[in-house]
1. What does the charge dipole of segment 43-88 about its Cα centre add up to, to the nearest 20 debye, if the Cβ of each Lys and Arg holds +1 and the Cβ of each Asp and Glu holds -1?
2. Can you give me the distance in nm between label points at R75 and Q26, each placed 7 Å from the Cα along the Cα-to-Cβ direction?
3. Given a Förster distance of 35 Å, report the FRET efficiency between S95 and S2 from their Cβ-Cβ distance, rounded to the nearest 0.05.
4. Determine, for each peptide in 27-34, 92-99, the mean count of other beta carbons within 10 angstrom over its residues, then list the peptides with the highest first.
5. How much length is gained if the chain between E109 and S87 is pulled fully straight, taking 0.36 nm per residue apart and subtracting their Cα-Cα distance, in nm to one decimal?
6. Stokes-Einstein D for segment 1-41 at 25 °C, 0.890 mPa s, Kirkwood Rh over Cα pairs, in µm²/s?
7. Taking only the C-alpha atoms, wrap a convex hull around segment 1-105 and report its volume per residue in Å³ as a whole number.
8. Calculated FRET efficiency, A64 and L37, Cβ-Cβ r, R0 22 Å, to nearest 0.05?
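Rule-based calculations on the coordinates, nothing more; no lab input. Model, not experiment: these values are computed from the prediction. In this analysis, Cβ positions are derived from the backbone assuming ideal geometry, glycine residues included, and neighbour counts consider all displayed protein chains.
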Amino acid sequence: MSLRIEERGDYILVHGDGLATLAEAQDHFRDLSSLLLAARRSGSGVRLMIDLRAAIAHPPEVAAHIERVLPVLYRRDDRVAVVVRDSVRKHQTKSSHDPLYSDVFLSKEAAEAYLGCETGSRSVHHKPLMMRLPSSNP
């Protein structure tokens, strides 16, 4: 399992099939936190899309870590769009994200609109920032 972080013009994209271990989750959120801090310092603001359409359920210890990290990771002025694959996951995901700075969507286009992006213009120009190798754990 892995999550990748990429810069996509107007926003940062996190996507992949998930986090398998607590160590992976800690590394991922450390990397993401550094990137968000840099975006805030640059004055450009945080625009983040988390595409979880390919993600599988996290192990309980990873899910618990995510629940602890989210409230301290994001700020009121951030804009976080989460994309999931179905309505059940949308409902579940909404419960862990503060509506003050985030919303959950079933399509990438709707998420881009929420972030204030021009739909489709970001798919051509992207720069990988960090790549996570798949876990060697079964």
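1. Around 180 debye, computed over segment 43-88.
2. A separation of 2.6 nm, rounded to one decimal place.
3. It comes to 0.90.
4. Order by mean packing, descending: 27-34, 92-99.
5. 6.3 nm
6. D = 227 µm²/s.
7. Each residue corresponds to 90 Å³ of Cα convex hull volume.
8. 0.40
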